[in-house]
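Student: Sharing a structure, written as structure tokens. Questions coming.
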Amino acid sequence: MRGIGLRVVEGPRAVGSDVAMGTAEQNGLWVEEPARRRRMPDPVRTSAVRAVLIVALTLIQAMIAVLCTLTDSWLAFPMVLSSVGSTVVATWGVLDVWVTRQVWNQRHGVISVPASTARQLRKERRQARRAARSRRGVARPDSVNIRRRGGAGQLTHS
């Protein structure tokens with residue numbers, strides 16, 4: 001039964017694009033997707049937020065200084081001076097993000113693991129070549145042996 005001023009909602013209806021994309025049957029309002037990047041560590045994120053706020057305030061202050069200068073206001077000179085100081089502080093804030101990130105990476109370490117198995121594949125190929133060479137009884141060329149022994153790398157004709 002419908003009351004006055006109330007409307008019964010039967011749920012979301014499929015729109016043309018939903019039907020075309022095959023998302024008409026999904027019941028949620030959105031589909032959660034995995035994040036593309038990992039979340040920044042807390043100290044780095046804190047310094048990044050601080051830097052963004054400082055830079056935003058510096059830009060606002062610089063704009064006010066420009067507008068005060070254009071209107072020949074008495075506030076123009078103090079605003080220009082404080083904008084110069086704020087620029088120094090903003091530079092410090094941005095450098096702080098970079099330094100904090102470097103310190104975090106050094107302390108909590110990005111584990112150095114090769115992104116692919118290329119290193120392992122090269123190692124296996126090298127071992128297979130050595131095994132095949134030793135089975136065939138093929139010695140390495142003299143130039144390679146001289147270099148390995150610490151020779152000058154120059155060969156003489158004998």
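Student: Measure off 7 Å from each Cα along the Cα-to-Cβ vector at Glu33 and Thr91, then give the distance between these two points in nanometres to one decimal.
Tutor: 3.9 nm
Student: Moving on to the next point. Could you calculate the FRET efficiency of Leu70 with Thr46 from 1/(1 + (r/R0)^6), where r is the beta carbon distance between them and R0 is 30 Å, rounded to 0.05?
Tutor: The value I calculate is 0.20.
We did not get these values from a lab; they are worked out from the coordinates using the rules stated. The structure displayed is predicted, hence computed values, not measured ones. Cβ coordinates were reconstructed from backbone atoms using ideal geometry, including for glycine residues, and neighbour counts include every protein chain displayed.
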